[in-house]
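Where a number appears in this text, it was derived from the coordinates with a stated rule and is not lab data. All of these numbers come straight from a predicted model, not from anything done at the bench. Because the Cβ atoms are built from the backbone with ideal geometry, glycine has one as well, and the counts that use them run over all protein chains shown.
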Amino acid sequence: MIKAQLQEAFGKLSPYVKNRVMPVIDILLERAEDLDSINKEDDADYYEDELESIMKEVRKIKYIEDQWQIMNAKKNN
């Protein structure tokens, strides 16, 4: 479930940013797949910590994308 959400979010990235952060995206998708495979109730603390860590990295990528969009808009004006 988390992996599918991340794939959808990463699919919306501009090609320029996506190409440059692809190694990070691959690692995050792998971590999300691992997280999807565990039972949340068995180790709730680990699940929440790992999910928080993944989302922190996703927010960084989103910030890079936002900055690229701003720079690209200024360049085109």
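Among the residues of the stretch 36-54, the one identified as surrounded by 15 or more Cβ atoms within 10 Å (Cβ to Cβ), free of Cβ contacts under 8 Å to residues at least 40 places away in the same chain and within 14 Å of the chain's Cα centre (by Cα) is Glu50. Looking across the stretch 40-77, just one residue is under 19 Å from Leu6 (Cα atoms) and either touching a Phe, Trp or Tyr at 6+ places or on another chain (Cβ under 6 Å) or assigned to a loop (DSSP other than H, G, I, E, B) (or both), and that is Lys40.
When residues in the stretch 8-27 are screened for being part of a loop (DSSP other than H, G, I, E, B) and not aliphatic (A, V, I, L, M), 2 of them pass. The residue pairs whose first member lies in the stretch 1-27 and is free of Cβ contacts under 8 Å to residues at least 40 places away in the same chain, whose second member is not in a helix (DSSP H, G or I), and whose beta carbons are closer than 9 Å, counting only pairs six or more residues apart or on different chains, are Ile25/Leu13.
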